[in-house]
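Trainee: Below is the structure I would like to discuss, written out as structure tokens.
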Amino acid sequence: MPWSFLLVACTVPAGDSAGPHRDGEPDTADSADSADSADSVVGGGPCAAYGAAVATGTVADPTLDELSGLAASRLNPGVLWTHEDSGGAPELYALDPTGQRVATLTLDGVTNTDWEDLAVAECAAGWCLHVGDIGTLGTDRDTFAVLTVPEPLLSGASTLTATPEVRTFRYPEGPEDAEALAVDAAGRPLVLTKRTDATTHLYRLDDGADVLTPLATLATGPSDEDLAARVTAADLWLDPPRLLVRTYFHLYEVDLTAPEAPGDPVELAAAVEFQGEAVAWAPDGGFWQVSEWQSPTLWHTPCAEATP
């Protein structure tokens with residue numbers, strides 16, 4: 001089926017509900033194409049405009065070949081937290097911007113059933129990491145979880161262990177597949193579902209609840225798109241509240257001032273990746289991207305420099 005991202009277009013074989021097939025070699029769509037694109041102007045968000053995507057490094061560790069979540073640390077400057085997809089070890093990996101692993105945090109007493117996304121947010125402990133065990137694995141799974149641990153201060157230790165708080169939840173009208181997690185200013189998880197009709201359902205896990213609260217439905221691409229518009233990651237900038245929503249081949253910024261009535265998604269220029277499933281706001285107001293597959297590139301898109 002044809003697929004496109006902004007001004008770049010190419011063709012790949014049709015994939016199943018889990019995304020592009022991993023058989024054989026990945027498509028060689030040139031991520032650098034996006035680095036030459038014009039700045040993407042967005043009013044009111046963390047950046048008035050964004051610059052071109054910059055490759056900062058490569059995740060060379062061959063065991064990290066299915067990265068599915070990404071969060072930029074606020075406690076450890078320059079650190080990016082990530083994890084593997086379903087069936088991986090119950091571990092979070094701290095990377096530096098060149099892609100080198102600097103620490104491993106094992107989550108004790110849990111399994112990686114289908115970890116799909118990662119978020120960092122302020123909490124009573126300072127900063128916390130939230131893991132979304134929210135994928136269905138193509139099964140009839142109907143109970144999902146958000147796992148929360150205080151983010152450790154990395155001061156030389158490279159191997160750490162923590163026991164997470166586990167919050168399980170269900171959907172109000174039966175299970176849905178999801179790969180995107182964010183956390184709001186009140187510390188409540190937001191879940192965005194992965195659908196085949198170019199939309200996503202936005203839910204919130206309220207305090208003390210075990211059933212998600214439906215908030216809104218967002219468009220994630222042209223109405224005739226399927227694979228290209230399936231949501232694979234999200235992150236929330238808190239002030240002003242702007243939701244970053246990633247699909248396989250689009251990236252959007254959404255005004256989330258009113259979660260029940262969000263603004264229209266505004267498409268951003270970003271690095272083009274094969275099976276991109278992770279995105280995170282950077283502390284500088286730009287954003288980070290990384291994809292699945294072996295030796296993926298870390299991409300940083302900064303704020304554009306102001307025009308004199």
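Trainee: Taking the options T161, T193, name whichever one is touching a Ser or Thr at 6+ places or on another chain (Cβ under 6 Å), surrounded by fewer than 19 Cβ atoms within 10 Å (Cβ to Cβ) and without any contact (Cβ under 8 Å) to a residue 60 or more places away in the chain.
Mentor: Result of the check over T161, T193: T161.
Trainee: A further question on this structure: Taking only segment 70-92 into account, find how many residues are more than 15 Å from L147 (Cα to Cα) and under 15 Å from the mean Cα position of the chain (by Cα).
Mentor: Final tally of qualifying residues: 3.
Trainee: Next question. For segment 52-117, which fully contained strands (runs of 3 or more DSSP E) count at least 3 residues that are among the hydrophobic types (A, V, I, L, M, F, W, C) and closer than 20 Å to D235 by Cβ?
Mentor: 67-72, 91-95
Trainee: Looking at T143, T113 in this structure, which one is closer than 23 Å to R195 by Cα, in contact with a Ser or Thr (Cβ under 6 Å, 6 or more places away or on another chain) and of a type in the set (S, T, N, Q)?
Mentor: T143
Trainee: A60 passes all but one of (1) closer than 22 Å to Y248 by Cβ; (2) surrounded by fewer than 16 Cβ atoms within 10 Å (Cβ to Cβ); (3) in contact with a Gly (Cβ under 7 Å, 6 or more places away or on another chain); which number fails?
Mentor: Failing condition for A60: (1).
Trainee: Taking the stated definitions as given, is A198 surrounded by 12 or more Cβ atoms within 10 Å (Cβ to Cβ), closer than 21 Å to R230 by Cα and touching a helix residue (DSSP H, G or I) at 6+ places or on another chain (Cβ under 8 Å)? Before the answer, list the steps.
Mentor: Working: surrounded by 12 or more Cβ atoms within 10 Å (Cβ to Cβ): yes; closer than 21 Å to R230 by Cα: yes; touching a helix residue (DSSP H, G or I) at 6+ places or on another chain (Cβ under 8 Å): yes.
When the stated conditions are applied, A198 passes them.
Trainee: For segment 122-131, which residues satisfy the criterion of being part of a strand (DSSP E or B) and farther than 16 Å from L105 by Cβ?
Mentor: E122
Trainee: Could you please find all residues in segment 226-263 being out of contact with any Asp or Glu (no Cβ under 9 Å at 6 or more places or on another chain) and among the acidic types (D, E)?
Mentor: The answer is D239, E260.
Trainee: Got a sec? Which of E292, E277, E273, E260 is more than 22 Å from D85 (Cα to Cα) and not polar (S, T, N, Q)?
Mentor: One residue alone meets the criteria, E260.
Trainee: Do you know which residues across segment 98-114 are closer than 19 Å to A145 by Cα and touching a residue at least 40 places away in the same chain (Cβ under 8 Å)?
Mentor: L105, T106, L107, D108, G109, V110
Trainee: Same structure, new question: Specify the residue that is farthest from P296 (Cα to Cα); the eligible residues are those in segment 266-284 that are of a type in the set (A, V, I, L, M) and touching a Ser or Thr at 6+ places or on another chain (Cβ under 7 Å).
Mentor: Across segment 266-284, the extreme among qualifying residues is L268.
Bear in mind that the values in this text are calculations on the coordinates, not laboratory data. Fair warning: this is a prediction, and the values are worked out from it, not measured in the lab. All Cβ positions, glycine included, derive from the backbone under ideal geometry; neighbour counts span all protein chains shown.
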